[in-house]
Amino acid sequence: MTLNLRGALPLTALLLGMATPIATPVFAQTTTQADAEVRLRRIEAEVRAIQRKVFPEGAGKTFVPEITAGQTVTTPTGTPAASAVTDILARIDAMEAQMTRLTAQVEESQNRTAKLEERLARLEAAAAPATETPSVAPVTVAPVATTPKPATAVPSTPNPTVTTPAKPATPAASRVAAVQAIEKPATGDAGLDEYNYGFRLWEAKFYPEAQQQLQIYVDRYPKHSMISYGRNLLGRAWMDDGKPGTAAQFFLQNYLADKKGARAPDSLLMLGTAMVKLKDTEKACGAFAEMAASYPTEIAGRLKSQYDAARASVKCK
């Protein structure tokens, strides 16, 4: 029997023509998705690299990804997938742009941290060449007896091989009476009473007595709420007593002990002032630069006049 194909040829050609446009989008979609997966893996690797820069000390300190795998959505048969792929590519582009910004921010933060550490290193060396050595000990300020003690005989021929520390001069009776007239507070807060008593002695310009009293407070109450005030005032008592070298060490100690303390900016300012008195321009300028970087609000507000006056007293490069 002879098969008539004249009627079937048009149908065969039609079927072949329909098959070609159906296969092309599937292949294009597969290729695009593969490219998207490669880009996603590369972005994930870059995120892990940045996390290692930000948290170099170990695992667990990483950012939780904000973009998580969503629910799988089944695309109805016959619906083109171009819009979904385009959306994925757009999101990848946004992620890459955000990665670029994040990398720049990390590098800028590391640079700023390095500069602050360099300034801090200069400040830590500020107290090294101090002209006076602090010899403050926690000595209780005790009232002097009303009856003067007999003078101790001085040997006619002192032993040249033994160095005996000089005894402090006995205060005049009027000074003793004036110190005793300053009342020590009794509020029930022992630490606060010790600090306030030291403040009253300093305010009355009894600087050696204030130094002893404030040292007692600092040694006995290192965690008291007024400790930043106490350490700073101890430096002021030495500064006002004409000993900027010793004062500088106490100011630096207060700043380094608690940079967020209430009187940390004051101590940094006084440290620079003490360095000016010691004619150490480099360390004075370092202290003022550190203050400008760490406490811009204080410079523009509460300590503005003091900072401007201190800064004008020295020429910094």
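The values are calculated or read from the model by the stated rules, or taken from the named source; none is laboratory data. Treat the numbers as computed from the prediction; the structure is a model and nothing was measured. In this analysis, Cβ positions are derived from the backbone assuming ideal geometry, glycine residues included, and neighbour counts consider all displayed protein chains.
Data table
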read-out: Qualifying residue in the stretch 176-194 (condition: assigned to a loop (DSSP other than H, G, I, E, B), among the basic types (Lys, Arg) and closer than 15 Å to ALA237 by Cα); value: no
read-out: In the stretch 227-241, the residues that are assigned to a helix (DSSP H, G or I) and charged (D, E, K, R); value: ARG231, ARG236, ASP240
read-out: Within the stretch 246-281, considering residues that are of a type in the set (Asp, Glu) and free of Cβ contacts under 8 Å to residues at least 60 places away in the same chain, the one surrounded by the fewest Cβ atoms within 10 Å (Cβ to Cβ); value: ASP258
read-out: Residue within the stretch 172-190 that is surrounded by 12 or more Cβ atoms within 10 Å (Cβ to Cβ), among the basic types (Lys, Arg) and at pLDDT below 95 present; value: yes
read-out: In the stretch 257-311, residue nearest to the chain's Cα centre (by Cα) [restricted to those that are aliphatic (A, V, I, L, M) and outside any helix (DSSP H, G or I)]; value: ALA262
read-out: Residues satisfying the stated conditions in the stretch 175-220, i.e. aromatic (Phe, Trp, Tyr) and touching an Asp or Glu at 6+ places or on another chain (Cβ under 7 Å); value: TYR207, TYR217
read-out: Check on ASP219, surrounded by fewer than 15 Cβ atoms within 10 Å (Cβ to Cβ), in a helix (DSSP H, G or I), on the phi < 0 side of the Ramachandran plot and in contact (Cβ under 8 Å) with a residue 60 or more places away in the chain; value: yes
read-out: Top-ranked residue of the stretch 196-216 - restricted to ones that are assigned to a helix (DSSP H, G or I) and among the charged types (D, E, K, R), ranked as surrounded by the fewest Cβ atoms within 10 Å (Cβ to Cβ); value: GLU203
